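Since every read-out is calculated from the coordinates, none of them should be taken as a lab result. On a predicted model such as this, the values are computed, not experimentally measured, just so you know. Cβ coordinates were reconstructed from backbone atoms using ideal geometry, including for glycine residues, and neighbour counts include every protein chain displayed.
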Amino acid sequence: MMEPEYLQSVDELDNLIGLSPKEKQEMETVTQKFPFRANSYYLSLIDWKDRRDPLRRIVIPDIRELRGGGTLDPSMEKNYTKIPGLQHKYAKTALLLLSDTCGGICRFCFRKRLFLTCDRETLEDLPAAFEYIRSHPEITNVLLSGGDPLALETGKIESVIRELREMDHIRAIRIGSKMLAYNPYRFLNDPLLVTMLSRYSTPEKRIYVVAHFNHPREITPATLEALDMLIRAGIIVLNQTPVLREINDQPHILADLQETLASTGISPYYLFQCRPSVGNHHFQIPVEQCHDLIQESWRACEGLAKRARYIMSHASGKIEILGKTAKHILMRYHQAADPEDIGKTVVMPRNPAARWFDDYHGFAHPVDTIRSIHVPRMHWLF
């Protein structure tokens, strides 16, 4: 297949599928604030007769995005940015924002700011980034993110990976990408990409592709062909997805997604609480409801499909939701900005309306000041 055609305006979408006047007007209103980007391959997977089609929800502008609420930086990434485009939040991990382009713009994206502002956050000074990583031998793995790093030309991706592979202390390189879902032809039409990744994925130090499948219908024959290329080339493929209202918030759909991933050789990695980014409120599910949904989905899954952790990517760290009692909810710092917090368990009174960690504290202070605030109702267990 030829490379899919990319669409970035409502007029282009209208020409492709035909929109009602009301649909077109609403979408144009939304795109005045939140940009639209998709491609002909992914749009062909949508059932356009069904206005509630889950893949439509993923990529097509929705007037509910304008209802307000949320923040442009819900995990306070600015606090951990060492140079523009390089974040160092966790001691052993560096994150590089290599691209502000994706195969499509997810309507629930937690980095919408990359598409909304004129201030570039992506990495421009590669030598400075490499020098920072070299000077921090505690960093053992690097996450390439964006945007989507695989939106870049293969040669540009290789220049980054080659440099990282020359650093002895870097053991694993992860590439966060939704390209397997949005455009598997990125792999099928450019076999040099897979060959290049294979070259740097050695038995001692693997390359990981962290995929982003939100719904089982995103896994198509083209996807499976591209996935098989990666697996045969020695690439480890994981998957992470937020749990999203009207997309994968039914236990049987979530179970189907996790079992399909496991059976194709993709390891479930993280199930995320949808971050409170601006425009995301209608995608969010209360934490305790989401916990119950995940537990119910796992009852229908075999063991390999139940390896994902249910996580909130909070400003203070990756907080895993462990369980709940009649009166309390239990969480644990799976990862933390302060290494002393790693492994700590938090027990708090339940709040069925809570959609984010801060909602359990009963205050409205900025998330980046949370650790300086005394919260008497939160208890640490060691």
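Reported value for the stretch 297-343: 98 Å³ per residue, from the convex hull of its C-alpha atoms. Give me the base-10 log of I(q)/I(0) for the chain at each q in 0.09, 0.11 Å⁻¹, Debye formula, one uniform scatterer per Cα, rounded to two decimals. Here log10 of I(q) over I(0) equals -0.52, -0.81. Which log10 I(q)/I(0) values does the stretch 35-117 give at q = 0.23 Å⁻¹ under the Debye formula, counting every alpha carbon as one identical point scatterer? Log10 of I(q)/I(0), two decimals: -1.14. How many percent of DSSP beta bridges within the chain run antiparallel, rounded to 5? Here the antiparallel bridges make up roughly 45 percent for the chain. Just round it to a whole percent: the fraction of Cα-Cα distances in the stretch 192-241 exceeding 15 Å. Of all Cα-Cα distances in the stretch 192-241, 47 percent exceed 15 Å.
Excluding same-chain neighbours fewer than eight residues apart, the aspartates and glutamates reachable from K22 by a Cα-Cα span under 15 Å are D11, D14, D62. Annotation: peptides 124-136, 275-287, ranked by per-residue average of other Cβ atoms within 10 Å with the highest first, follow the order 275-287, 124-136.
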